[in-house]
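For reference, the structure discussed in these notes is given below.
The values are calculated or read from the model by the stated rules, or taken from the named source; none is laboratory data. Predicted model, so just to flag it, every value in this text is computed and none were measured. Neighbour counts run over all protein chains shown; Cβ positions are idealised from the backbone, glycine included.
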Amino acid sequence: MTLRPKLLPNRLQLLPISNLCLRGHARCVTHRILEARISVLKGIMMATPKYKRILLKLSGEALMGDDAYGINRQTISGIVAEIKKVADLGVQMGVVIGGGNIFRGVAASASGMDRAQADYMGMLATVMNSLALQDAMRLAGLPVRVQSALDIQQVVEPYVRGKAIRYLEQGRIVIFAAGTGNPFFTTDTAAALRGAEIGAEIVLKATKVDGIYTADPKKDPLATKYATISFDEAIQKDLKVMDATAFALCRDQKLPINVFSIFEAGALERVVMGAAEGTLVYC
């Protein structure tokens, strides 16, 4: 004799009474297995990143920590720990890093130095930061390569787009050093350019501030944060988060930008998973 089949919420029927647990009204073995499988599938869906390939833009100042200049080892290790969380999800990642913690070409040119010369010095500063970041990543067990827009083969390999994409597909993180390799262009523009070249789905600008504000929140207590903002509006309002060239390039390539704080634990991972973190700049 078999028990009359019950109808589950998912419309699957139970097996005969021979498969039921001995306790009264207990769920059948099949039901419990099905629930376990559904639970696993839900976990997989929740752990699936929204973006498969990203371009992370780090400011050089972020590496200073509380120091006046240079590279703070504890700070860079903390940043790498946040990067590792995302890399462990299988996300392909390119990184562009600034050099403001060592040398700023714009500031030097403002004090009388030739702008092109100052920018080349700034590019070399980004190479130094890239090597420091590479070393920290290797210590954390992350596979990483550095490619430079300037030809310094004794130190790093030159930038080759096809090779960079192959590295990404192999699960390596690629750090793009020396900006675009040309003076008068910022590392923000380099991030937009490299992001477009490698086919990134989004540019993530990691800063000390948790998004884009109507004004500098350190100077204006009434400043409010944008949850989202269009490229055109950001350019029109002359928001000083990224330069206009980088905004325009990302807009033309339909490459969104998410601005967030790298110092908020788990913020990078939340952005990659699709959570509302920081400010999203959209087309």
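The one condition from (1) modelled with pLDDT of 90 or more; (2) on the phi < 0 side of the Ramachandran plot that Lys208 does not meet is (1).
Which members of segment 220-274 meet the condition of being assigned to a helix (DSSP H, G or I) and touching a residue at least 60 places away in the same chain (Cβ under 8 Å)? Listed by number, the residues that qualify are Thr245, Ala246, Leu249, Ala267, Leu268, Glu269, Val271, Val272, Met273. Going through segment 61-108 one residue at a time, which ones are crowded, with 17+ Cβ neighbours inside 10 Å and hydroxyl-bearing (Ser, Thr, Tyr)? Thr75 - this is the single residue of segment 61-108 that is crowded, with 17+ Cβ neighbours inside 10 Å and hydroxyl-bearing (Ser, Thr, Tyr). Is it true that Gln170 is surrounded by 21 or more Cβ atoms within 10 Å (Cβ to Cβ) and in the same structural domain as Leu56 (by TED's automatic domain parsing)? Considered against the rule, which asks whether it is surrounded by 21 or more Cβ atoms within 10 Å (Cβ to Cβ) and in the same structural domain as Leu56 (by TED's automatic domain parsing), Gln170 comes out as no. Here Gly278 does not qualify as on the phi > 0 side of the Ramachandran plot, touching a Lys or Arg at 6+ places or on another chain (Cβ under 6 Å) and either outside the structural domain of Thr186 (by TED's automatic domain parsing) or not hydrophobic (A, V, I, L, M, F, W, C) (or both). Checking Gly99, Gly43 one by one, the residue that is part of a helix (DSSP H, G or I) and either out of contact with any strand residue (DSSP E or B) (no Cβ under 8 Å at 6 or more places or on another chain) or at pLDDT 75 or above (or both) is Gly43 and no other. For the structure I just gave you, tell me whether Glu157 is of a type in the set (D, E, K, R), over 23 Å from Glu61 (Cα atoms) and over 17 Å from the mean Cα position of the chain (by Cα). So Glu157 passes the test. In this structure, does Gly199 turn out to be on the phi > 0 side of the Ramachandran plot, part of a loop (DSSP other than H, G, I, E, B) and touching a helix residue (DSSP H, G or I) at 6+ places or on another chain (Cβ under 6 Å)? The answer is no for Gly199. Of all residues in segment 165-219, exactly one satisfies the criterion of being under 15 Å from the mean Cα position of the chain (by Cα) and free of Cβ contacts under 8 Å to residues at least 40 places away in the same chain, namely Arg172. Note on segment 136-162: residues that are surrounded by fewer than 14 Cβ atoms within 10 Å (Cβ to Cβ) and assigned to a helix (DSSP H, G or I) amount to 4.
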